[in-house]
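To start, the structure under review is shown below, and the notes come after it.
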Amino acid sequence: TASCICMFRGECETRNLAQLLVLELDDKLLFELCRSCPETAYFVVFGYVRMLAVQLEKAMKESVIGWLTLENKEEELVKKLYSFEILNCLRLLTAVITRIDSEELSSLVYPIVQVLESYARLNLATEFIPLRLHIVDMLLEVTERTGVFIPYAMALAHQQLQCKEFTKSKPKTA
């Protein structure tokens, strides 16, 4: 399972429809592998959730320090973390944790929610609104499938929809 997820993570960067279809097939295959052996899947999923949390923590520390010295480094870090690779990996991990009926995997609900919330807060620029809406979708999936109430999900959705880009009126044409 671990080697399959490593392979999956390397192929998560989608650039066209064919790659997206292959990614969806890989996603389904990995999901079924995790469903067949949830005890092993727990350790693999835990490792990936932890790895993403460490990457986010590093990014947050560097972004706080980086704005004083190296602005390009922060931009590079944000681009790396706000990529389809990470987003697809988060989507797969969320699906595995919430859709497989396993006591071990259900113990990872809180960590994945923390990672998703931190990921949404990393950069609040308006260009990342679509990405944050994907995160809202994942948080709502966690709520729907596990029954765990996540107040931040609705607050984040409301915040994104109240953004000035959504609320400004269109200029009238003659």
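The values are calculated or read from the model by the stated rules, or taken from the named source; none is laboratory data. Keep in mind that what you see is a predicted model, and the values were worked out from it rather than measured. Note that each Cβ is placed from the backbone with ideal geometry, even for glycine, and that neighbours are counted across all protein chains shown. The protein model used for the area step is the full one, side chains on, heavy atoms only, and it has no ligands, DNA or RNA in it. Shrake-Rupley method; radii C 1.70, N 1.55, O 1.52, S 1.80 Å.
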Q. Residues GLU141, GLU117: which one is within 17 Å of the chain's Cα centre (by Cα), closer than 22 Å to MET60 by Cβ and modelled with pLDDT of 85 or more?
A. GLU117
Q: Report, ordered by the first and then the second residue, all pairs with beta carbons closer than 7 Å, sequence separation of six or more or different chains, a first member in region 111-140 that is part of a helix (DSSP H, G or I), and a second member that is basic (Lys, Arg).
A: ALA120/ARG132; MET138/ARG91
Q. Looking at (1) at pLDDT 85 or above; (2) among the hydrophobic types (A, V, I, L, M, F, W, C); (3) over 13 Å from the mean Cα position of the chain (by Cα), which is the one condition that is false for ALA157?
A. (1)
Q | Test: residue in region 11-18 that is modelled with pLDDT under 65 and among the polar types (S, T, N, Q) | A | yes
(Q) Cβ-Cβ under 6 Å, sequence separation 6+ or interchain: first residue in region 81-99 and touching a residue at least 60 places away in the same chain (Cβ under 8 Å) and open to solvent by 20 Å² or more (accessible area, probe 1.4 Å), partner of a type in the set (Asp, Glu) and outside any helix (DSSP H, G or I). Which pairs? (A) PHE84/GLU13; GLU85/GLU13
Q: Output yes when any residue across region 64-74 is open to solvent by 20 Å² or more (accessible area, probe 1.4 Å), among the small types (Gly, Ala, Ser), at pLDDT below 85 and part of a helix (DSSP H, G or I), and no when none is.
A: no
